[in-house]
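Asks: One structure follows; several queries about it will come next.
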Amino acid sequence: LNSMLSGLPTTIFTVMSALAARHDAINLGQGFPDTEGPADLIEAAAAALRDGRNQYPPLTGVPELRTAVARSNARFYGLSVDPATEVIVTSGATEALAASLMAMVDPGDEVVVLEPLYDTYLPVIRALGAVARPVRLTPPDWSLPRAELAAAFGPRTKAIMLNSPMNPTGKVFGPDELAFIADLVARHQVYAICDEVYEHLTFGGARHIPLMTLPGMRPRCVRIGSAGKSFSLTGWKVGYVTAPAAIAATVAKAHQLLTFTTPPNLQRAVAVGLDKDTDYFTTLAADMQAKRDLLSDGLRAAGFDVLPCDGSYFIVADIRSTGFAGDDVAFCRALTERCRVTAIPVSAFYGTDNAPDHLVRFAFCKKDPILAEAVARIRAGV
Ligand code: PMP
Ligand code: GLN
């Protein structure tokens, strides 16, 4: 058996969701909305199923979705994208990330990553025989240690992975940070794999800026989106890659090996979603911002220090202020068992030793009464 994979633990999201189910807990661990996505998308998928859209679609995605991805890039970011050569539809952003890494790295290449990071990044880098160069953001504001980041780039660097808005931190990278990263990418002539699945979920004055829109970055960036997050349909697993044709062609080769195609009926429905009016996207973010506020106010009232959050589905809380004697893993277990609320230990988002062990992540993409009940349970039990 492959030693890396056989030694890999089951993902923390599955572990904590199982624990939540066992204790009949409110699951603020795994990030998925507890409401259905837009009715018109579900109807479009059902219609496509009935219309006989059930055989293999084109390898790179149905034309309706590829053109919708191109239009969305133009509408929100002013990017000009050729739907025929610069868009690849994948089975979720998860596949898009793996396919992009497969397309870029050879064994021995280095990939710069920012910790805390999404849990698929490191295992896929390692499975490809590449080497991850992690750089840690500094809590509580998750600032970018610029000198360390610059030092992580070297002659073997092939790419950097950048997740903004970021899971689990809720950080949205600002123009100065992006310019600093872009300068490193250009100077070292490497690629950037930009995980932008939460692109439409930013709060307050924060605004998502794709690295791809910065000067010189268009030929070097792969931009990844997900219907799961943009349309609250996480089980559909429809992702989309926007990349210059030379990179997209190789991402398509990886997609050909991994899944070959993605369900055509769901793709057609996602195309309807991407063409929704701008109000839909603004409302999605405003609703999620109200949920962030509800949960963060509640957690503060329960005695947590809550870290800043400008985007995504998640907030991070510091457990030290609650007086709990134990680490984040013990805390999440105890919270599930005693309060019947489940969260995720932030140490699970680190691949290296000495991760911070005083932070936990809560998902707020849940109905308001569920968030209120979770807060009530925590206040009663902590
Ligand atoms: N990247 C990040 C940062 C995520 O939080 C997720 C969440 N699922 C994914 C990628 C994967 O997205 P998908 O469900 O479309 O595969
Ligand atoms: N992205 C979601 C999260 O971070 C869940 C992903 C998963 O279950 N693999 O919670």
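Residue-wise test of (1) crowded, with 22+ Cβ neighbours inside 10 Å; (2) over 14 Å from the mean Cα position of the chain (by Cα).
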site: 208; (1), (2): no, no
site: 213; (1), (2): no, yes
site: 218; (1), (2): no, yes
site: 223; (1), (2): yes, no
site: 227; (1), (2): yes, no
site: 236; (1), (2): yes, yes
site: 240; (1), (2): yes, no
site: 244; (1), (2): no, yes
site: 250; (1), (2): no, yes
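Asks: Would you please name the residue that is farthest from ligand 1 (Cβ to nearest atom), looking only at residues in the range 332-346 that are closer than 10 Å to residue 16 by Cα and of a type outside the set (A, V, I, L, M)?
Replies: Step one: filter the range 332-346 for residues closer than 10 Å to residue 16 by Cα, giving 332-333, 336, 342-345.
Within this subset, residues satisfying the condition of being of a type outside the set (A, V, I, L, M) are 332-333, 336, 342, 345.
On the way: 332: 18, 333: 22, 336: 21, 342: 17, 345: 16 Å.
Looking at the filtered set, the residue picked out is 333.
Asks: Could you say which residue among 106, 176, 141, 119 is acidic (Asp, Glu), in contact with a helix residue (DSSP H, G or I) (Cβ under 8 Å, 6 or more places away or on another chain) and surrounded by fewer than 22 Cβ atoms within 10 Å (Cβ to Cβ)?
Replies: Numbers: 106 fails: in contact with a helix residue (DSSP H, G or I) (Cβ under 8 Å, 6 or more places away or on another chain); 176 fails: in contact with a helix residue (DSSP H, G or I) (Cβ under 8 Å, 6 or more places away or on another chain); 141 fails: in contact with a helix residue (DSSP H, G or I) (Cβ under 8 Å, 6 or more places away or on another chain).
Within the list 106, 176, 141, 119, the selection yields 119.
Asks: Still on this structure: For the range 1-105, give me every one of the helices (runs of 4 or more DSSP H) that falls completely inside it and has 2 or more residues that are within 15 Å of ligand 1 (Cβ to nearest atom) and under 20 Å from residue 196 (Cα atoms). Give the steps one after another, and end with the answer.
Replies: Working: elements: 3-6, 12-22, 39-50, 63-77, 92-104.
Ranges flagged: 63-77, 92-104.
Asks: Separate question: Only one of (1) buried (at least 22 other Cβ atoms within 10 Å of the Cβ); (2) not in a strand (DSSP E or B); (3) not hydroxyl-bearing (Ser, Thr, Tyr) fails for residue 193. Which number is that?
Replies: Every listed condition holds for residue 193 apart from (2).
Asks: Also, I was wondering about something else. Going by what's in this entry, would residue 261 be described as of a type outside the set (A, V, I, L, M, F, W, C) and farther than 27 Å from residue 51 by Cα? Write out each step before concluding.
Replies: Details: of a type outside the set (A, V, I, L, M, F, W, C): yes; farther than 27 Å from residue 51 by Cα: no.
No; evaluated as a whole, the condition is false for this residue.
Asks: Hey, any hits in the range 147-157 for a residue that's surrounded by fewer than 20 Cβ atoms within 10 Å (Cβ to Cβ), at pLDDT 95 or above, of a type in the set (Ser, Thr, Tyr) and not in a helix (DSSP H, G or I)?
Replies: No, because not a single residue in the range 147-157 is surrounded by fewer than 20 Cβ atoms within 10 Å (Cβ to Cβ), at pLDDT 95 or above, of a type in the set (Ser, Thr, Tyr) and not in a helix (DSSP H, G or I).
Asks: So is residue 128 in contact (Cβ under 8 Å) with a residue 24 or more places away in the chain, within 27 Å of residue 317 (Cβ to Cβ) and not acidic (Asp, Glu) or not? First the steps, then the outcome.
Replies: Numbers: in contact (Cβ under 8 Å) with a residue 24 or more places away in the chain: yes; within 27 Å of residue 317 (Cβ to Cβ): no; not acidic (Asp, Glu): yes.
So residue 128 fails the test.
Asks: Filtering the range 314-331 down to residues that are under 18 Å from residue 300 (Cα atoms) and in contact with a helix residue (DSSP H, G or I) (Cβ under 7 Å, 6 or more places away or on another chain), which residue is farthest from ligand 1 (Cβ to nearest atom)? Quick ask: steps written out before the conclusion?
Replies: Applying the first criterion (under 18 Å from residue 300 (Cα atoms)) to the range 314-331 yields 314-324, 328, 331.
Going one step further and asking which of them are in contact with a helix residue (DSSP H, G or I) (Cβ under 7 Å, 6 or more places away or on another chain), we end up with 315-317, 319, 324, 328.
Values: 315: 14, 316: 14, 317: 18, 319: 22, 324: 26, 328: 18 Å.
The selected residue is 324.
Asks: Working only within the range 308-321, note down all residues that are more than 16 Å from ligand 2 (Cβ to nearest atom) and either modelled with pLDDT of 95 or more or under 19 Å from residue 373 (Cβ atoms) (or both). Break it down stepwise before answering.
Replies: Applying the first criterion (more than 16 Å from ligand 2 (Cβ to nearest atom)) to the range 308-321 yields 308, 310, 318-321.
Passing the criteria: 308, 310, 318, 319, 320.
Asks: Taking the stated definitions as given, is residue 90 within 16 Å of ligand 2 (Cβ to nearest atom) and farther than 27 Å from residue 315 by Cα?
Replies: yes
Asks: Any idea which residue in the range 245-268 is nearest to ligand 2 (Cβ to nearest atom), counting only those that are touching a strand residue (DSSP E or B) at 6+ places or on another chain (Cβ under 8 Å) and within 21 Å of residue 71 (Cα to Cα)?
Replies: Step by step, filter the range 245-268, then rank; the result is 262.
Asks: May I pose another question? I need the full set of residues from the range 230-253 which are touching an Asp or Glu at 6+ places or on another chain (Cβ under 9 Å), more than 15 Å from ligand 1 (Cβ to nearest atom) and within 21 Å of residue 270 (Cβ to Cβ), in order please.
Replies: 243, 248
Residue by residue, here is whether (1) touching a helix residue (DSSP H, G or I) at 6+ places or on another chain (Cβ under 7 Å); (2) assigned by TED's automatic domain parsing to the domain that holds residue 186 holds:
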| position | (1), (2) |
| --- | --- |
| 218 | yes, yes |
| 232 | no, yes |
| 255 | yes, yes |
| 270 | yes, yes |
| 291 | yes, no |
| 294 | yes, no |
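The values are calculated or read from the model by the stated rules, or taken from the named source; none is laboratory data. Because the structure is predicted, anything quoted here is derived from the model rather than measured. Using ideal geometry, Cβ is built from the backbone for each residue, glycine included, and neighbour counts are taken over all protein chains shown.
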